[in-house]
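Right, one structure below, let's go through it.
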Amino acid sequence: KQSLSIMAQSFTSAHTDQWIARELNGAAPWAERHSHCLVSWQNELILMGGFTTPGGSLNDVWTSSNGQDWERLAAAGWGARDGHCAVVLGCEIFVIAGADQASAPSPTPPLP
């Protein structure tokens, strides 16, 4: 039986042959996940959705200007999903397809 380790880590590279672990300021505020999307938009990193165990598919959106400090944005206008695709075209982010594999409520609490 294989063991799956889901992580909440960040790495950076100016050249793809050398990767450096990026220290987050404290623990990552977002749940450990896989099958998520990350795009660069208006000088910000945008982390969207994915899958976490336990919990299932996510529809949270996080932003960072430096890869260390993250802030959760308002609820996404799309349903929980993982395995989706995201791309920036002009000044818009397109989130396309994916699957909702919710096995329990999202581990990320709703915004106040």
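The values are calculated or read from the model by the stated rules, or taken from the named source; none is laboratory data. Small disclaimer: the values here were computed from a predicted structure and weren't measured. Glycine gets a Cβ as well: all are built from the backbone with ideal geometry, and neighbour counts include every protein chain shown. Note: areas computed on protein heavy atoms with side chains; ligands, DNA, RNA excluded. Shrake-Rupley method; radii C 1.70, N 1.55, O 1.52, S 1.80 Å.
Extension gain for ALA75 to GLN18 (0.36 nm times residue separation, less C-alpha to C-alpha distance): 17.0 nm.
For the peptides 42-49, 74-81, residues were scored by their other Cβ atoms within 10 Å and the scores averaged per peptide; the highest-first order is 42-49, 74-81. In the context of the full protein assembly, SER40 retains an accessible surface of approximately 80 Å², using a probe radius of 1.4 Å and ignoring ligands and nucleic acids. Going by the alpha-carbon gyration tensor, a ≥ b ≥ c the square roots of its eigenvalues, is region 26-105 rounded (a/c under 1.5) or, if a/c is not under 1.5, prolate (a/b greater than b/c) versus oblate? Oblate shape, in that a/c is at least 1.5 and b/c is the bigger or equal ratio. If the chain linking SER65 and GLU92 were pulled fully straight, counting 0.36 nm for each residue of separation and taking away their Cα-Cα distance, it would gain 8.0 nm.
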